[in-house]
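Reviewing the structure listed below.
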Amino acid sequence: MSNRRNFLKLSMLTAAGIASSRVLASSGSNDTLPQNIIYSEENPGRWPKKAGSHLPMVTVEGKKVTIKTEHGMSEVHYIVRHTLVAENGDVLGEKTFYPTDEQAISEFEIPDGYSILYATSFCNKHDLWIMEVNI
Ligand SMILES: [Fe+2]
């Protein structure tokens with residue numbers, strides 16, 4: 001059971017990583033993925049009014065990275081998960097939230113050698129959002 005869970009988790013993160021880099025690398029009409037799969041500040045897709053409350057906001061202090069999504073947490077509408085993935089696909093951190101959590105905030109310690117990271121935040125109603133961070 002644990003192997004299956006790990007496989008699914010890895011598959012989801014891998015897919016998100018590949019998709020996000022394609023979305024971030026593309027611009028305007030040259031997108032390689034259909035719109036409305038992954039959202040970013042530059043590409044809020046069908047949720048243009050939701051960017052402020054769904055983009056993962058990242059702060060870096062030394063080796064500590066903090067991800068915060070300014071989004072309410074309730075039983076019917078909440079942030080499900082944060083991930084932090086390096087440019088090469090290394091998963092550096094992940095945290096799953098529950099509706100009873102007060103805030104969607106996560107902290108990770110980053111090993112040496114990484115300069116470009118991708119933070120993701122997934123809302124149960126407004127999908128997957130990504131923020132690129134240069135450290
Ligand atoms: Fe939402």
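Values in this text are rule-based calculations from the coordinates and carry no lab data. Remember, it's a predicted structure, so these values are computed and weren't measured experimentally. Note: ideal-geometry Cβ built from the backbone for every residue, glycine included; neighbour counts use all protein chains shown.
Observations
- In summary, strands (runs of 3 or more DSSP E) completely within segment 73-135 and bearing 1 or more residues that are farther than 25 Å from Asn36 by Cβ occur at 79-86, 91-96, 104-109, 127-134.
- Any hit, segment 71-83, residues being away from the ligand (no atom under 16 Å from the Cβ) and either in contact (Cβ under 8 Å) with a residue 24 or more places away in the chain or closer than 21 Å to Glu41 by Cβ (or both): yes
- Residue count, segment 115-135 (criterion: of a type outside the set (A, V, I, L, M, F, W, C), surrounded by fewer than 18 Cβ atoms within 10 Å (Cβ to Cβ) and more than 16 Å from the ligand (Cβ to nearest atom)): 3
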